[in-house]
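Just so you know, all these numbers are worked out from the coordinates, no wet-lab data involved. Predicted model only: the values in this text are computed from it and were never measured. Here the Cβ is made from the backbone with ideal geometry for all residues, glycine too, and neighbour counts use every protein chain on show.
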Amino acid sequence: MKKIISTEKAPKAIGPYSQAVEVNEFVFVSGQLGINPETGMLCEGIEKQTEQALKNLGEILKAAGCSYENVVKCTVLLDNMDNFKIMNEIYNKYFSTNSPARTTYSVLRLPLGALVEIEAIAVKPLK
């Protein structure tokens, strides 16, 4: 059965999709931009956008009963691969041990002119 995950502590979806969907023990978190959920605005610069995107991801994981440690796969989209090193340094603060599998792509454009978007797949902890 599919369960929709939603939290006010992360930005609302900007299109017809859910913040996350839980199916069995898996949680699929939609791509998160560096949007401050309090203002609804993108943060300035790659550092702040990456930090905020990962915070948003964490809030959605928490709403699903998970944490960063439960993430098994991330996909990172960058508007410019020159930002890879900066994104990687910030990403490492959240996934410094038992890092998930990850793919990073450079794309032509991201929604709202964002510099980074991060999505994740997590496995719920056993009860």
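Per-structure values
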item	result
³J(HN,Hα) computed for each position of the range 66-75 - Karplus, 6.51 cos²θ - 1.76 cosθ + 1.60, integer Hz, glycine/proline x	10, 9, 4, 5, 8, 6, 10, 8, 10, 10
Degrees between helix 84-94 axis and first principal axis of the chain (Cα, 0 to 90, nearest 10)	30
Stokes-Einstein D in µm²/s, Kirkwood radius over Cα pairs - the chain at 20 °C with 1.002 mPa s viscosity	148
J(HN,Hα) series, the range 40-46, from Karplus relation 6.51 cos²θ - 1.76 cosθ + 1.60, nearest Hz, glycine and proline x	x, 10, 5, 5, 8, x, 5
Rel. contact order, % - alpha carbon contacts under 8 angstrom, at least six apart, the chain	32
Extreme residue, positive dipole direction of the range 2-123, given options Ala53, Pro100, Leu42 (C-beta unit charges)	Pro100
